[in-house]
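Contents: one structure, followed by commentary.
The values are calculated or read from the model by the stated rules, or taken from the named source; none is laboratory data. Source: prediction; values computed, not measured. So basically every Cβ, Gly included, is an ideal-geometry build from the backbone, and we count neighbours across all protein chains shown. SASA here: full protein model, heavy atoms, side chains in, ligands and nucleic acids out. Shrake-Rupley method; radii C 1.70, N 1.55, O 1.52, S 1.80 Å.
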Amino acid sequence: MDLFSPGCLGTCWYGDYHYMEPWVGCEHDCFYCYARFRTEVKDCLTEKAAAFEKPVLMLEPDLLLAEIHEKAVSGEVKTLKLSRFTDLFTPKFVREGLSQEILKILARSKVERIIITTKGLPGEETLDLMARHPALFSYNVAAKPQGKLSVEPNLFPLEERLKAAAFVKKAGVLTTVHLDPVLVGIEDEKVSLDRFFAQLTRHGLDRVMFSYLLLNPLILEHMEKKLGQERMSSLTESYEGSPSLQYLPQQAETVSIPPRASLKEESVERISHMLRERRFDFVLCSLKSAKDGHKVDRQLCPLCDGRFYA
Ligand code: SF4
């Protein structure tokens, strides 16, 4: 696995960006995380004799920062997405100050846009840093209502994560809530969505990108191991009979199963109506949730054209 890699073919941004993976693995340990099963992640973990939920650095700290600096000032990287297979704010590296050091280097570099998607909680210094460079950052807090299946065991309280997002939004940073991945039939009930959207409104967060969980046999097996088959059955039923498809060209590991069309279509309609009523700015992820050919009323539910949180 490389520290920097160019964007993937077939994604919404036509690959005109880079990813950076400063470490391998992620402490958030979401049961549905596809990263833990990607060959390049597994090979890297094996090489470093590490477990996914105990992330390790790609390089020694000083060398890592030096390599990031060298690339960031080279001018090669214009748009940087953090990250594809891990989280920049995985608690261990926030605590050790490395997440902050990395962003300080990037903020002083030739990188023109830094797109962060996170389930973590940045430190105060980092929030201040982003607030001082509002045009440089796009901040995306991955958050969703708590459903009857707990699939994200190691997250800071939602309220704290939303507060951090609200802080940078107030400073002018483009801030979007990623309601992703939604577990259809489990996290999209009207009552819990109402509560969740009211919480967003309280924090002044009114931009949402939403998308649905894509399953594959490895993720399913892992989730059943963690939650038990019986408890998982309410979720797996929602995928029965749904054909799989490959989401990214030349990447066989992106073959996945979307939720059953009827259930997902109902859910998209419900969420869209609720977001419209609240006058939120929102889109459905076109890459993960509109390639399956399921019906989407574009008047009601706009599809992301790759620029919504760019
Ligand atoms: S936060 Fe992201 S990278 Fe980390 S375990 Fe969860 S889904 Fe995977």
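So, in the range 22-50, of the ones that are in contact with a Gly (Cβ under 9 Å, 6 or more places away or on another chain) and open to solvent by 40 Å² or more (accessible area, probe 1.4 Å), which residue ends up farthest from the ligand (Cβ to nearest atom)? Only one residue tops the list, namely Lys48.
On the given criteria, is Leu263 in contact with a Ser or Thr (Cβ under 7 Å, 6 or more places away or on another chain), in a helix (DSSP H, G or I) and crowded, with 17+ Cβ neighbours inside 10 Å? Considered against the rule, which asks whether it is in contact with a Ser or Thr (Cβ under 7 Å, 6 or more places away or on another chain), in a helix (DSSP H, G or I) and crowded, with 17+ Cβ neighbours inside 10 Å, Leu263 comes out as yes.
Per the listing Leu103, Leu64, the residue uniquely open to solvent by less than 20 Å² (accessible area, probe 1.4 Å), more than 16 Å from the ligand (Cβ to nearest atom) and either closer than 29 Å to His222 by Cα or free of Cβ contacts under 8 Å to residues at least 60 places away in the same chain (or both) is Leu103. Of the residues that sit in the range 116-131 and are assigned to a strand (DSSP E or B) and touching a Phe, Trp or Tyr at 6+ places or on another chain (Cβ under 7 Å), which one is farthest from the ligand (Cβ to nearest atom)? Filtering the range 116-131 for residues that are assigned to a strand (DSSP E or B) and touching a Phe, Trp or Tyr at 6+ places or on another chain (Cβ under 7 Å), the one farthest from the ligand (Cβ to nearest atom) comes out as Ile116.
Taken together, the criteria exclude Phe156 from residues that are among the aromatic types (Phe, Trp, Tyr) and either at positive phi or more than 16 Å from the ligand (Cβ to nearest atom) (or both). For the range 51-61, the set of residues classified as open to solvent by 10 Å² or more (accessible area, probe 1.4 Å), within 16 Å of the ligand (Cβ to nearest atom) and closer than 22 Å to Ile105 by Cβ consists of Val56, Leu57, Met58, listed by residue number. Kindly evaluate Tyr19 against the criterion of being open to solvent by 60 Å² or more (accessible area, probe 1.4 Å), within 16 Å of the ligand (Cβ to nearest atom) and either without any contact (Cβ under 8 Å) to a residue 12 or more places away in the chain or of a type outside the set (Gly, Ala, Ser) (or both). Against the criterion (open to solvent by 60 Å² or more (accessible area, probe 1.4 Å), within 16 Å of the ligand (Cβ to nearest atom) and either without any contact (Cβ under 8 Å) to a residue 12 or more places away in the chain or of a type outside the set (Gly, Ala, Ser) (or both)), Tyr19 does not qualify. Taken across the range 41-64, residues that are assigned to a helix (DSSP H, G or I), within 17 Å of Gln100 (Cα to Cα) and of a type in the set (A, V, I, L, M) do occur, with at least one present.
Run down Lys110, Lys92, Lys169 and say which single residue is part of a helix (DSSP H, G or I), farther than 25 Å from Phe196 by Cα and open to solvent by 40 Å² or more (accessible area, probe 1.4 Å).
On the way: Lys110 fails: part of a helix (DSSP H, G or I); Lys169 fails: farther than 25 Å from Phe196 by Cα.
None of the other options fit; the residue is Lys92.
For residues that are among the polar types (S, T, N, Q) and in contact (Cβ under 8 Å) with a residue 24 or more places away in the chain, scanning just the range 224-241, find the one that is surrounded by the most Cβ atoms within 10 Å (Cβ to Cβ). Show your work before the answer.
First pass over the range 224-241, keeping only residues among the polar types (S, T, N, Q): 229, 233-234, 236, 238.
Okay, now just the ones that are also in contact (Cβ under 8 Å) with a residue 24 or more places away in the chain, so 234, 238.
Numbers: Ser234: 14, Ser238: 22.
Ranking the qualifying residues of the range 224-241, first place goes to Ser238.
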